[in-house]
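Take a look at the structure set out below.
Where a number appears in this text, it was derived from the coordinates with a stated rule and is not lab data. As the structure is a computational prediction, the values presented were derived from the model and not from experiment. Please note: Cβ atoms are built from the backbone with ideal geometry, for glycine as well, and neighbour counts cover all protein chains shown.
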Amino acid sequence: MVSIRKAVFPVAGLGTRFLPATKAVPKEMLPVVDRPLIQYAVDEALEAGIDTLIFVTGRGKGAIEDHFDVAFELERTQADRGKSVAALEGTRLTPGNALFVRQQEPRGLGHAIWCAREVIGNDPFAIILPDELLIGRTKGCMAQMVDQYEKVGGNLVCALGVPMEETPSYGVIDPGARDGVLTEVKGLVEKPAAGTAPSNLMLPGRYILQPEVMSLLATQEAGAGGEVQLTDSMAKLIGSQPFHGVTFDGERFDCGSKLGFAQANFALASRDKDMGPALKAWANDLLTN
Ligand code: UTP
């Protein structure tokens, strides 16, 4: 089986829920504690053994490219001052392994993925949505998915149970047989109307897909919200290729929403060995007074 070497990071969205913060700063560059969201996503891919990182960017997203470049002036100045540049570890991606393609209009996630078709070619590939911050319990979410891919191949989506009333906001799985962390996917529906979702298993933005999805995306009509939906093209693969959901073992923070973003910052900061104790004491005080 061909191993997963390529990951696509769609980062061309407008991030309107975070305006005005995202007027000039990409949503994916918003920091959770001390790292931008996109850094968590890239680290998750690298941990899973992926070495070709494809960013689908758009206008105003140049800061993402700069973040993963070598900051020559900064590094030289710090060295001249005898200061460490350890904090920059993991930000210098090797040229050739970090590729940037452009989505000229934000026409939806499906369209963003299709913009990477030439770089994907005939290889299976991963997709990581950086505004979904997934913290694995023992290993990262994509590493958990690659483990399952090595057993069953085909197409995999991360699957997460949510309260039924939240399903209209998400892509949702119509589940078949379950075997450990793997659930057979019989159908997929994007943003089902209230009360119609086939299960409470939503898609929190991690996928391993076969390259055939690209030709389906090429002719995919706009769906929910007037956007070209990845879920609609994935659904067409069911039946012709294996398709499974992988139950994620870990925590999810929806950093595309302000509440999820605030929760991620608090949760991760409160676990930090330096600031955690002081932050928790302060929060306790705040809540009890
Ligand atoms: P979202 O729908 O959460 O992001 O897409 P958004 O549209 O930027 O956010 P809001 O709703 O206006 O606040 C999930 C991911 O897909 C990317 C986004 O950048 C985000 O990382 N995306 C979305 C694209 O790359 N292109 C698109 O056309 C839409």
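For the reader, a short list of remarks on this structure follows.
- Among the lysines of the chain, pairs at least eight places apart or on separate chains and with Cα atoms under 13 Å apart come to 4.
- Once backbone amide H atoms are built at 1.01 Å from N, L99 has L53, I54, F55 as its partners under 5 Å, excluding neighbours fewer than 5 places away on the same chain.
- Proximity of backbone amide H atoms, modeled 1.01 Å from N, is registered between G176 and E184, V185, K186 at under 5 Å, excluding neighbours fewer than 5 places apart on the same chain.
- Centre separation in Å (Cα based) which lies between region 177-214 and region 112-162: 13
- Gyration tensor over alpha-carbon atoms, region 179-281, equivalent ellipsoid semi-axes in Å: 34, 17, 14
- Highest GNM mean-square fluctuation among R206, R17, R271, for the chain modelled with Cα contacts below 10 Å: R271.
- Principal axis extents of the C-alpha atoms in region 80-183 (largest first, rounded to whole Å): 60, 36, 32.
- Residues W282, W114, sorted so that the one with the fewest Cβ neighbours within 10 Å comes first: W282, W114
- When each of D179, D43, D131 is scored by the number of other beta-carbon atoms lying within 10 Å, the sequence from fewest to most is D179, D43, D131.
- Charge context of Q220, other residues only, Cβ under 14 angstrom, K/R +1, D/E -1: -2
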